[in-house]
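Written out below as structure tokens is the structure these notes cover.
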Amino acid sequence: MSEKRRILLVDDDVDIIEQFSFLLREAGHDVITARGEEEAGDILESVKPDLAIVDLMVDHLDSGFVLCRRIKDLYPETPVLIVTSNPPEANIGMDAATGEDGRFVHDAFIQKPVEPRELVDAVQRLLSS
Amino acid sequence: MNRPDKQQTIVVIDDDYVMRLSCSKILAKAGFRVETFEDGAQGLEGIARLRPDLVVVDLKMPGISGMEVISRTAQIDPAIIIVVITGYATISTAVETIKSGAYDFLPKPFSPDELRLIVDRGLERRRLLQETQRLEMERELLRRRFVTFVSHQLKTPLVAIHQYLDAMRHLGDVRVTADQRQEWIGRCLERSDEMLAIIKDWLTLSKVESGHLCTERKRIDLTPLIRDVLKALAEVAAAKGVHLAAELPENTYCVRGDRNSLSVLFDNLISNAIKYNRPNGNVTITGQVREGDVTISVTDTGIGIAPEDQQRLFDEFYRVKARSSASTSGTGLGLAICRRIVSELGGRIDVESEANTGSTFCVRLPACHEAAAL
Ligand SMILES: Nc1ncnc2c1ncn2[C@@H]1O[C@H](COP(=O)(O)OP(=O)(O)OP(=O)(O)O)[C@@H](O)[C@H]1O
Ligand SMILES: [Mg+2]
């Protein structure tokens, strides 16, 4: 791997943060973590991540999508990976994933729990695309 | 009468030209959009196309009868209100039309006022029906979401445990040190405890709901009951450096209820007052008897609750996501349980709070005036 890539990890669960950041740092990435939409928003003011990993159920039922949209508005070229423990159809506002204007607010979607390898691979794929 | 902004449509079906004309005039003057048809076949075609709010139909017409128009209109849209006009109003025909789905009938001859009145009442009925339907749909949506929501809450700790175990299985000893492993195992245990707490609270909640928790209705003096709760929580409070104080004279705050559920109630409230407090903070419990009600207030000098969160506190699984309380664990069911218990006992619970200053939770219950049993 060439240079360190910076990943913003947003999840309201401390243990998911602990696990995912461990795995991603192990894989050689630089990880910044946020416990919610608000904290993520503050970070985004000054940091442009190479990738964002967003849990859908942060703060409110649909705030994950709101955050995804915010990231895309600020940094259109930053890929967004959504992780959720719900099947896609159970997520309220999932149809908003493409937004009313038809613009993508996420680039990939994985369901928790996720195997360590699968997470690292998904991240790698998004970073190299 | 509150009339919707949108102009309402009325269809009039009658083979009598004069009747069509006069109904149409009266109703148009009252502000409705009116369409008339001279027989049942055309009328039904018009109903299917216009989707009117109300239909006025003559019972006796050549071709398709008024009775058939009633039943076929109900097939098109059961929410359309049907008023029947009839020249030979016998009780039996009236009963029959209403049985087949008409809202009401109007015997000929009738005055303009009579027509307007019956139409207004019919439309009011339609509004009520639609309102009930809307509430029903909202409740259904909430119920559907609720299942998703509860399963998410239950899944969360399991997913965390799964992630830890999976990492420990896949990453060798070199990548995960023995210390790291110990810490992770500790986290797994904590999360499984959390899972157990959710299930325990969930059970308590459903017990209150099904009436299996508040079973007894005994006279209970709240003072010793609260004293016992405080005793049980003394250690937790000391660990957090929170001072507990209660100034409650005995035999003053007596209610009728169930010892078990009242303990759960005050345990939840006082636990919260400790949990969402700060080091060196206070929790004060006071009582009041007024207008046949006993009010017990639990006041803390803790982090407080923002106005927008106050309304949702008593909802199942609702937890404030402020940074200040993000690190405290809990199921978010405690106050939902409190609300159910209090309403089961015929009382109410309210909150007053200011962010960063503190909160007061007031429980109001009907006082029990009977003297203590000897
Ligand atoms: N005294 C208080 N001061 C500040 N915030 C409070 C207070 N009591 C409750 N809250 C807020 O209300 C939320 C809901 O409280 P509730 O008792 O229902 O759940 P919990 O304490 O999170 O979990 P549980 O009581 O089931 O362990 C809490 O998460 C907290 O954010
Ligand atoms: Mg609580």
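The values are calculated or read from the model by the stated rules, or taken from the named source; none is laboratory data. Because the structure is predicted, anything quoted here is derived from the model rather than measured. For neighbour counting, all protein chains shown are included, and Cβ atoms are generated from backbone atoms with ideal geometry for every residue, glycine included.
Of the residues B:144, B:127, B:134, the single one that is assigned to a helix (DSSP H, G or I) and touching a residue at least 24 places away in the same chain (Cβ under 8 Å) is B:127. Of all the listed residues (B:263, B:297, B:271, B:329), the sole one being modelled with pLDDT under 95 and either of a type in the set (Ser, Thr, Tyr) or more than 8 Å from ligand 1 (Cβ to nearest atom) (or both) is B:329.
For the condition within 14 Å of another protein chain (Cβ to nearest Cβ) and under 30 Å from residue B:6 (Cβ atoms), what is the one hit in B:121, B:169, B:125, B:144?
From the options B:121, B:169, B:125, B:144, the qualifying one is B:144.
Against the numbered list (1) modelled with pLDDT of 95 or more; (2) in contact with a helix residue (DSSP H, G or I) (Cβ under 7 Å, 6 or more places away or on another chain); (3) not basic (Lys, Arg), residue A:21 comes up short only at (2).
Of all residues being β-branched (Val, Ile, Thr) and within 16 Å of ligand 2 (Cβ to nearest atom) in the stretch B:200-229, which is farthest from residue B:332 (Cα to Cα)? Just the residue, please.
So the residue we want is B:229.
Within the stretch B:213-267, restricting attention to residues that are touching a Gly at 6+ places or on another chain (Cβ under 6 Å) and outside any strand (DSSP E or B), which residue is farthest from residue B:277 (Cα to Cα)?
Only one residue fits best here, namely B:253.
Scanning the stretch A:8-57 for residues that are more than 14 Å from chain B (Cβ to nearest Cβ), under 25 Å from residue B:158 (Cα atoms) and of a type in the set (Val, Ile, Thr) returns A:31, A:32, A:54.
Residue pairs whose Cβ atoms lie under 6 Å apart, separated by 6 or more positions or on different chains, with the first residue in the stretch B:316-340 and within 21 Å of residue A:34 (Cα to Cα) and the second more than 8 Å from ligand 1 (Cβ to nearest atom) and at pLDDT below 65, are B:321/A:59.
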